[in-house]
1. Mind listing just one residue for me: the one in the range 1-58 that is β-branched (Val, Ile, Thr) and buried (at least 16 other Cβ atoms within 10 Å of the Cβ) and, of those, farthest from the ligand (Cβ to nearest atom)?
2. Any residue in the range 36-46 that is under 24 Å from Pro192 (Cβ atoms), touching a Cys at 6+ places or on another chain (Cβ under 7 Å) and not hydroxyl-bearing (Ser, Thr, Tyr)?
3. Can you tell me which of Ala132, Ala171 is closer than 24 Å to Arg89 by Cα and either touching a residue at least 12 places away in the same chain (Cβ under 8 Å) or surrounded by fewer than 14 Cβ atoms within 10 Å (Cβ to Cβ) (or both)?
4. Find all pairs meeting these conditions: Cβ atoms under 9 angstrom apart; at least six residues apart or on different chains; first residue within the range 149-168 and under 13 Å from Arg89 (Cα atoms) and assigned to a loop (DSSP other than H, G, I, E, B); second residue modelled with pLDDT under 95 and among the hydroxyl-bearing types (Ser, Thr, Tyr).
5. Pull out all pairs, ordered by first then second residue, where Cβ-Cβ is under 7 Å, the residues are six or more apart or on different chains, the first lies in the range 182-197 and is free of Cβ contacts under 8 Å to residues at least 24 places away in the same chain, and the second is part of a helix (DSSP H, G or I).
Amino acid sequence: MKLCHSPTSPFVRKVMVTAHELGLVDRLDLVKPDISDIFKGINPENPLGKIPSLQLEDGSLIFDSIVICEYLDSLSDTATLFPADPLDRARVMTLHAIANGMTDAAYQRRMDSSAMPKGEGSPTWNARLQVAMERSLDELENKIDTFKGRLDIGTIAIGCALGYHDLRFSAENWREGRPELTAWYNEFSARPSMQATQPPAS
Ligand SMILES: N[C@@H](CCC(=O)N[C@@H](CS)C(=O)NCC(=O)O)C(=O)O
């Protein structure tokens, strides 16, 4: 299976951590994005222009990151990262939604400030996204007891979201005033799957 991949993408990282945790990483061929046409995004195969996407053995393409993670989960006979119980699953998916939404806000802010032509960004929209990031971090700090000690798609997404925050917004210091989340991340980021997928500083 071919995964359209970039080592700095937090959405790709979520897929890679999932693959490591499920013991499926050897089944993925990593292919580079195509950055030749900004209007087509970085993945011409995907009508949304985004990575990650996964080309299956029959040639079909699946995306986005959560769809790929769930598909990989279905291939594993040793573990599952998506609880079967409907309520448990809804709670895990809500944690995933917070982490993914936070990552999306961070990615949009980053693109707006560094990848778009100067002067095109909106300070008001940037502030709106920053508030979403801050409130999501506070929610995770307050809800720590609901995910501490767990390994599932929710905690993987949280780990990748915090890693991306460190990569792109280290000056905003998310650890300040969030001791529980800081301690959780110290432990979670030591997992081999997180260590193997650390983004290069760029
Ligand atoms: N909801 C998507 C988000 C993916 C996404 O935003 N990927 C970024 C890279 S981190 C991308 O491909 N951006 C290129 C573009 O939008 O032009 C997912 O979960 O896969």
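1. Val25
2. no
3. It is Ala132.
4. Going by the 9 Å Cβ cut-off, the qualifying pairs are Asp152/Thr80.
5. Qualifying pairs under 7 Å: none.
For (1) out of contact with any strand residue (DSSP E or B) (no Cβ under 8 Å at 6 or more places or on another chain); (2) touching a residue at least 12 places away in the same chain (Cβ under 8 Å); (3) more than 10 Å from the ligand (Cβ to nearest atom); (4) within 30 Å of Glu172 (Cα to Cα), each residue gets a yes or a no:
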residue: Phe82; (1), (2), (3), (4): yes, yes, yes, no
residue: Ala99; (1), (2), (3), (4): yes, yes, yes, yes
residue: Met111; (1), (2), (3), (4): yes, no, no, yes
residue: Ala115; (1), (2), (3), (4): yes, no, no, yes
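The values are calculated or read from the model by the stated rules, or taken from the named source; none is laboratory data. Just so it is clear, the model here is predicted, and its values are computed rather than measured. For neighbour counting, all protein chains shown are included, and Cβ atoms are generated from backbone atoms with ideal geometry for every residue, glycine included.
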